[in-house]
Amino acid sequence: MSDAKIPLLQFDVQKAQDIPFEIFSIEEHLNGEHIPSLFRQTFYLIVIVTGGTGTSQIDFKTYPIKHGGIYFITPGQVQKWESTQPLSGYAILFDE
């Protein structure tokens, strides 16, 4: 699949009180939201997993998702997240 066909997720980082990042729980943000099976993004992302299992593909390399896992993804990296048990944890999004 060419990069042109991989969806690019845009996220306008909330600048509340001039803080250029957002922190939220995975459960709150992903509840009912559709995320493409394969995607890229325009922001930096740190994911801290506190529960659940599955696999994550980052630039087509597969990593296990497990309790205590921390993932750092930079803008433009190709991702795919698949859970075998519902994921819980936190995500931190920020721009340059």
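Here, each number is a calculation from the coordinates, and none is a lab measurement. Everything numeric here is computed off the predicted structure, so don't read it as measured data. With ideal geometry, Cβ positions are generated from the backbone for all residues, glycine too; neighbour counts draw on all protein chains shown.
For Q57, neighbours were defined as the other residues whose beta-carbon sits under 13 Å from its Cβ, and their charges (Lys and Arg +1, Asp and Glu -1) total +1.
Here the label points at D18 and H67, each 7 Å from Cα along the C-beta direction, are separated by 4.2 nm in the simple model. Can you classify segment 20-96 as rounded, prolate or oblate using the Cα gyration tensor, where a ≥ b ≥ c are the square roots of its eigenvalues, rounded means a/c under 1.5, and otherwise it's prolate if a/b beats b/c and oblate if not? Because its axes are fairly even, with a/c under 1.5, segment 20-96 counts as rounded.
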